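Novice: Sharing a structure, written as structure tokens. Questions coming.
The values are calculated or read from the model by the stated rules, or taken from the named source; none is laboratory data. Nothing here was measured: the structure is a model prediction, and the numbers come from that model. Using ideal geometry, Cβ is built from the backbone for each residue, glycine included, and neighbour counts are taken over all protein chains shown. Note: areas computed on protein heavy atoms with side chains; ligands, DNA, RNA excluded. Shrake-Rupley method; radii C 1.70, N 1.55, O 1.52, S 1.80 Å.
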Amino acid sequence: MHHRHTSRVTAAALAAVAATLSLTVCQTASATAARTAPTPKAPAATVAAAATPRAAHATGSTEAARSAPAHDTSRSTPACTAKALEASAYQAAVRPRGTGTGAAVVQFTNVSSAACVLRGHPTVAGAGNGSPQRSVPLKVTPKGTAATVRLAPHGKAWLKLTFVQVQGEADGYCVSGATPSVFPTLVVGLPGAGKHQVALDDGLFAECDNKVTATAVSAVKPA
């Protein structure tokens, strides 16, 4: 009797131990599986779609900044009016040999309170007896390329007139055989900036053939 009871107890104990081991193994396996399971990731297409608009926006902004033209102040500055300019003239240092005027520099000064621009080659006429109503147009040969010149208040710009020179002494003569012309003043016009009557600071304008070579108005003073 005692032997059979002991066997039953032992069998029950072994069954309990086996059950406990089985439960432990199952819990351990579940925990291991939970730790090693990969974290879910968003599909690659979704990530790319989310990033693409931002990248495109950044790229577009960069390209726009690169292609944006620099602001050109001369385009927003008005042309100088005749009233905004004061014109004067003096004999050029570099001129053809002869006894006439040879060459003259015409200076334009912005006497207004606002910036303005000048551009182009001039028209030129000799004022007969100093009167613009008796002007004699001179045939102008343009020299050089025209560029826009911005004049701040009190700013200056220049152009140079080179004449067919008078030769000889006294009243002189023209190589072409024409009679020399003498003008107390010239009437010099600029595109969009009116016409201006100028006299030399010393002497008269003496020239031949009613021809003149003229540079475009420039921010650089000619010799």
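Novice: From Pro153, Pro142, Pro96, which residue is touching a residue at least 40 places away in the same chain (Cβ under 8 Å), assigned to a loop (DSSP other than H, G, I, E, B), closer than 22 Å to Pro222 by Cα and under 32 Å from the mean Cα position of the chain (by Cα)?
Specialist: Values: Pro142 fails: assigned to a loop (DSSP other than H, G, I, E, B); Pro96 fails: under 32 Å from the mean Cα position of the chain (by Cα).
After applying the criteria, what remains is Pro153.
Novice: Only residues that are over 30 Å from the mean Cα position of the chain (by Cα) and open to solvent by 30 Å² or more (accessible area, probe 1.4 Å): list them for the stretch 191-207, please.
Specialist: The answer is Gln197, Ala199, Asp201, Asp202, Gly203, Leu204.
Novice: Please go through the stretch 130-139 and give me each residue that is in a loop (DSSP other than H, G, I, E, B) and open to solvent by 70 Å² or more (accessible area, probe 1.4 Å), ordered by number.
Specialist: Quick first cut of the stretch 130-139, residues in a loop (DSSP other than H, G, I, E, B) only: 131, 138.
The answer is none; no residue qualifies.
Yes/no matrix, rows are residues, columns are (1) open to solvent by less than 20 Å² (accessible area, probe 1.4 Å); (2) in contact with a Pro (Cβ under 8 Å, 6 or more places away or on another chain); (3) at pLDDT 95 or above; (4) of a type in the set (Ser, Thr, Tyr):
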site	(1), (2), (3), (4)
Ala157	yes, no, yes, no
Gln167	no, no, yes, no
Ala170	no, no, no, no
Ser176	no, no, yes, yes
Gly189	yes, yes, yes, no
Asp209	no, no, yes, no
Thr215	no, yes, yes, yes
Val220	no, no, yes, no
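Novice: Residue under question is Ala147, and the condition is that it be crowded, with 18+ Cβ neighbours inside 10 Å and touching a residue at least 24 places away in the same chain (Cβ under 8 Å); does it hold? Walk me through how you get there before you give the answer.
Specialist: On the way: crowded, with 18+ Cβ neighbours inside 10 Å: no; touching a residue at least 24 places away in the same chain (Cβ under 8 Å): yes.
The answer is no for Ala147.
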